[in-house]
Amino acid sequence: MNIVTFSLILCAAAAIAEAGIIVGHADELISSPPQYEFHYSVHDSHTGDVKDQFEHRRGEYVTGRYSLIEPDGHRRVVDYSSDPLLGFTAHVRREPISILSRH
């Protein structure tokens, strides 16, 4: 490898490190606990598709909820969680549409 190529590689590595793209060693990135949150909802009056979901994760602990309108007009709501002690648990309930119209 000639000196020009080596200098370019060294400059590129320095620029990447300075920009904060490399923040740690790969093993540190792999061992860090996962953390995320998301939410979405759909309300399509044309197709009748009405649903939503959110989920929150911190390490090994996950909580979330999703709901949808079933063909018979009830709303199905599922609250769920997962953790190392209890594993995955879900509580499912159905609500008549009339409950939705009061909110």
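Computed from the coordinates by the stated procedures, all read-outs in this text should not be read as laboratory data. Computed from a predicted model, the values in this text were never measured in an experiment. In this analysis, Cβ positions are derived from the backbone assuming ideal geometry, glycine residues included, and neighbour counts consider all displayed protein chains.
Treating r as the C-beta distance of L85 and H39 and R0 as 30 Å, the FRET efficiency rounds to 0.70.
Taking a sphere under 9 Å around the Cβ of H43 and counting the other residues whose Cβ falls inside, with K and R at +1 and D and E at -1, yields a net charge of -2. Among the trypsin sites (Lys or Arg not before Pro) in the stretch 33-103, which ones are in a DSSP loop with at most 16 other Cβ atoms within 10 Å of the Cβ? Mind listing them? Sites meeting the loop and neighbour criteria: R102. Name the shape class, rounded, prolate or oblate, that the alpha-carbon gyration tensor gives for the stretch 32-103, where a ≥ b ≥ c are the square roots of its eigenvalues, rounded holds for a/c under 1.5, and otherwise prolate holds if a/b is larger than b/c and oblate otherwise. Here the stretch 32-103 falls in the prolate category.
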